[in-house]
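Asks: Take this structure, written in structure tokens, and hold onto it; I'll ask about it next.
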Amino acid sequence: MSVAQPIIADSIAQSMLDEFQTQVRVTRKFLERLPEDKLTWKPHPKSMTAGQLAYHIAWTPGSVVRFVQENTRQADNFNFPQPASLEEVLNKLDESIATVREILPTFDDAAMHETWRLVVGGKELMATERGLFVRDIMFSHWYQHRGQLCVYLRLLNVPVPSSWGPSADEQPSFMS
């Protein structure tokens with residue numbers, strides 16, 4: 001009797017890096033569509049501005065991999081800076097991409113399975129496997145905000161790029 005071999009034999013970090021490399025191209029398309037003159041627009045008084053949301057999307061991946069380098073981290077105060085230009089957002093995305101490419105591969109599978117803790121004032125808020133936190137925040141959180149930006153673009157009457165499949169405005173490249 002033979003043992004089935006895993007379909008994905010890469011390390012956890014390499015598998016995540018591969019996903020990131022694919023998804024960052026999609027994310028860049030969404031960010032590039034944001035009109036420069038709409039960076040301060042927001043759909044509701046309680047919402048982030050379009051620029052704040054775009055900057056947060058650009059900032060998230062790199063900040064997450066930096067944040068999880070230590071096994072215990074003090075929770076940061078989350079602020080959402082208002083970028084002055086779309087170029088600032090795209091530069092932050094480029095910085096974030098470089099950070100992910102540099103740091104993520106340094107985590108071996110043992111490190112990804114280590115318990116990672118988030119604390120505030122010495123009180124533990126969360127304890128989870130590092131890899132699960134990265135998956136949840138660097139990817140799921142990121143995708144959620146990319147979807148939020150999609151709604152902003154639609155409300156601004158900006159053509160929404162395709163992502164997994166067609167949008168109402170464009171077909172994905174594989175369908176062209």
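The values are calculated or read from the model by the stated rules, or taken from the named source; none is laboratory data. Just so it is clear, the model here is predicted, and its values are computed rather than measured. Cβ placement follows ideal geometry from the backbone for every residue including glycine, while neighbour counts extend to all protein chains displayed. Ligands, DNA and RNA are stripped out before the accessible areas are found, and what is left, the full protein with its side chains, is counted by its heavy atoms. Shrake-Rupley method; radii C 1.70, N 1.55, O 1.52, S 1.80 Å.
Asks: Quick check on the stretch 152-176: of everything there that is touching a residue at least 60 places away in the same chain (Cβ under 8 Å) and in a helix (DSSP H, G or I), which residue is farthest from the chain's Cα centre (by Cα)?
Replies: Filtering first and then ranking leaves 155.
Asks: Continuing with the same structure: So, in the stretch 126-141, of the ones that are in contact with a strand residue (DSSP E or B) (Cβ under 6 Å, 6 or more places away or on another chain) and assigned to a helix (DSSP H, G or I), which residue ends up most open to solvent (accessible area, probe 1.4 Å)?
Replies: Checking each candidate, the answer is 133.
Asks: Only residues in the stretch 68-84 that are under 24 Å from residue 53 (Cα atoms) count as the first member; pair them with residues that are part of a loop (DSSP other than H, G, I, E, B) and open to solvent by 80 Å² or more (accessible area, probe 1.4 Å), Cβ under 9 angstrom, at least 6 apart or cross-chain, and list the lot.
Replies: Once the first residue is under 24 Å from residue 53 (Cα atoms) and sits in the stretch 68-84, its partners that are part of a loop (DSSP other than H, G, I, E, B) and open to solvent by 80 Å² or more (accessible area, probe 1.4 Å) give 82/40.
Asks: In the stretch 151-172, how many residues are open to solvent by 40 Å² or more (accessible area, probe 1.4 Å) and not hydroxyl-bearing (Ser, Thr, Tyr)?
Replies: So the answer is 11.
Asks: Same structure again: In the stretch 3-25, how many residues are modelled with pLDDT of 90 or more and assigned to a loop (DSSP other than H, G, I, E, B)?
Replies: Residues flagged as modelled with pLDDT of 90 or more and assigned to a loop (DSSP other than H, G, I, E, B) within the stretch 3-25 amount to 1.
Asks: Please pick out the residue among 149, 86 that is within 16 Å of residue 30 (Cα to Cα) and over 17 Å from the mean Cα position of the chain (by Cα).
Replies: From the options 149, 86, the qualifying one is 86.
Asks: Taking the stretch 101-123 as the search range and keeping residues that are part of a loop (DSSP other than H, G, I, E, B) and not charged (D, E, K, R), which one is least open to solvent (accessible area, probe 1.4 Å)?
Replies: If we take residues in the stretch 101-123 being part of a loop (DSSP other than H, G, I, E, B) and not charged (D, E, K, R), then 107 is least open to solvent (accessible area, probe 1.4 Å).
Asks: If residue 144 passes every condition in (1) assigned to a loop (DSSP other than H, G, I, E, B); (2) of a type in the set (S, T, N, Q); (3) open to solvent by 80 Å² or more (accessible area, probe 1.4 Å) but one, which one does it miss?
Replies: Condition (1) is where residue 144 drops out.
Asks: Could you check the stretch 33-56 and list, in sequence order, the residues that are without any contact (Cβ under 8 Å) to a residue 40 or more places away in the chain, open to solvent by less than 30 Å² (accessible area, probe 1.4 Å) and part of a loop (DSSP other than H, G, I, E, B)?
Replies: Scanning the stretch 33-56 gives a single hit, 49.
Asks: Would it be correct to say that residue 29 is in a loop (DSSP other than H, G, I, E, B) and closer than 16 Å to residue 146 by Cα?
Replies: no
Asks: Next up: Which numbered condition trips up residue 65, out of (1) open to solvent by 40 Å² or more (accessible area, probe 1.4 Å); (2) part of a helix (DSSP H, G or I)?
Replies: (1)
Asks: Let me ask something additional. So if I check each of 76, 109, 94, which one is at pLDDT 95 or above and either more than 19 Å from the chain's Cα centre (by Cα) or more than 26 Å from residue 25 (Cα to Cα) (or both)?
Replies: Result: 109 is the single residue among 76, 109, 94 that is at pLDDT 95 or above and either more than 19 Å from the chain's Cα centre (by Cα) or more than 26 Å from residue 25 (Cα to Cα) (or both).
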